[in-house]
1. Once the Cα atoms of the chain are picked out, what are the Rg and Dmax in Å?
2. Take the alpha carbon gyration tensor of the range 377-418, find the square roots of its eigenvalues, order them as a ≥ b ≥ c, and report rounded if a/c is under 1.5; if not, report prolate when a/b exceeds b/c, else oblate.
3. Considering Cα pairs under 8 angstrom that are at least six residues apart, work out the relative contact order of the range 18-124 and quote it in whole percent.
4. Give the shape of the range 32-95 as rounded, prolate or oblate, defined through the alpha-carbon gyration tensor: a ≥ b ≥ c are the square roots of its eigenvalues, a/c under 1.5 means rounded, and otherwise the shape is prolate if a/b is larger than b/c and oblate if not.
5. Checking the cross-link filter: which lysines have an alpha carbon closer than 21 Å to that of Lys396, excluding same-chain neighbours under 8 positions apart?
6. Along each principal axis of its Cα atoms, how long is the range 68-150 end to end? Whole angstroms, biggest number first, please.
7. Can you sort Lys271, Lys288 by 1.4 Å-probe accessible area, starting with the largest?
8. State, in angstrom, two size descriptors of the range 375-459 derived from its alpha carbons: Rg to one decimal place and Dmax to the nearest whole number.
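The values are calculated or read from the model by the stated rules, or taken from the named source; none is laboratory data. As the structure is a prediction and not an experimental result, all values here were calculated from the model. All Cβ positions, glycine included, derive from the backbone under ideal geometry; neighbour counts span all protein chains shown. Ligands, DNA and RNA are stripped out before the accessible areas are found, and what is left, the full protein with its side chains, is counted by its heavy atoms. Shrake-Rupley method; radii C 1.70, N 1.55, O 1.52, S 1.80 Å.
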Amino acid sequence: MNDTNENNPLGYEKLSVLLKRFAIPSIIAMVVSSLYNIVDQIFIGQGVGYLGNAATNVAFPLTTICLAITLLISIGSASRFSLSLGEGDADRAAQAVGNALAMMVLFGILYTLCIEIFLVPLLNAFGATQDVLPYAIEYTRITAVGMPLLIITNGMSNLARADGSPNYSMMCMLIGAIINTILDPLFIFKFHMGVRGAAFATVIGQFFSFLMALYYVKKFTHIRLKKQHFILKPQVCLNIASLGMSNCLNQVAITFVQIVMNNSMTYYGAKTIYGSEIPLAASGIVMKTNGILLSVIIGLSQGSQPIIGFNYGAKQYDRVRGIYRLAISCNLVVSAIGFVLFQFFPKQIIALFGTGDELYFTFAVRFMRIFLFMVIVNGVQLLSSNFFAAIGKPLKGMLLSLTRQVFFLIPLLLILPMFFGMDGILFSAPIADTAAFLTTVILIRKEMNLMREQELALK
């Protein structure tokens, strides 16, 4: 064991203790992050109605694109940071942080400008109907301003966790969510601001999270940042992007799924008794509810990332395998709880998001039960793609991140409804989840065998 391992508990402390210390704050941070949109949807549903919910659903792909940019930079830089610390190269780790922060600022500003300029055609492409579009424009004009804040907050939160400060990372997200939750009902019900109120509450919350996240630049434990670390270097940026690409592509794929789903719901819904708006609103609620479960799994994945990256860099492969197995076991427990809730309590969950007629609840309940039927296994693919990024093998992670959404789900969403109508959309998800799970098992088994061979070569 080298000096770096002796000084860093990631290299020697009990794996279950480490995962608990890093994953729990990470899970809380991710759940809180996903609650920004969930809280908006709940209060908008109560104060505006299902057209307001449909509007936030139409606008949601813009948030997932923002998260894709965040993951590209934050997971990539956090992976480089952890691997560098494991190898004992503190300057390389500092370079990853400085370049990442500069990239966050640049990408955040450019993305906000793109939204403001191309907002109406983007919302139309995302499935907005004539009745929903005004609400969606009103909401998104405001939330677009908070996109750079969201990118920097999430990015610095991941880096703080990789630096060994998971609780600080959690608080960065928590403070904004608390403010958003307090302001939402105040702006919507007290001041009657409708969807604008929800948007302002979101941005104000994001601003305070941003301030706390930015303050961590002065608090890094394992590195000392200097001015030269913030100068963008193409090679460093490409390395960061390559390590974060699998997570980014997974999020981009989710965005494409949302776009295809929204358009399919309005098109095929118009041919049913439900019409266009009911399926559009219901699918948004189901996807965002599932998003809470996924945020727990993502939090678990991000919590295990520094442990995996550090130990892989230090060539402690038994600890790498151990933490992966532990994370997968925790994921299966969480997913099993989600399965029970989605199958046995769907109406109660959907009712949290506002009122609707019996037709609305009939469709939403059936959609949730069928679409999320295989939810118990779809976290394995997400954890495994992030595992490959953490060990510095972005191409494998990239391939795995594309399996569910791009290789399986999007083709099924386009093909099955041609033969089975709305049912084709509903059944596409469990089929894609099963296929992605089987692919993941094959790739992970090969990687674990390769790791054992590397371990034997060191002896």
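1. In Å, with Rg to one decimal and Dmax whole: 21.6, 69.
2. Oblate is the answer for the range 377-418, as a/c is 1.5 or above yet b/c matches or exceeds a/b.
3. It rounds to 19 percent for the range 18-124.
4. Because a/c hits 1.5 or more and a/b exceeds b/c, the range 32-95 counts as prolate.
5. Within the straight-line limit of under 21 Å, Lys396 reaches these lysines: Lys315, Lys446.
6. 58, 19, 15
7. The ordering from most to least exposed comes out as Lys271, Lys288.
8. 15.9, 59
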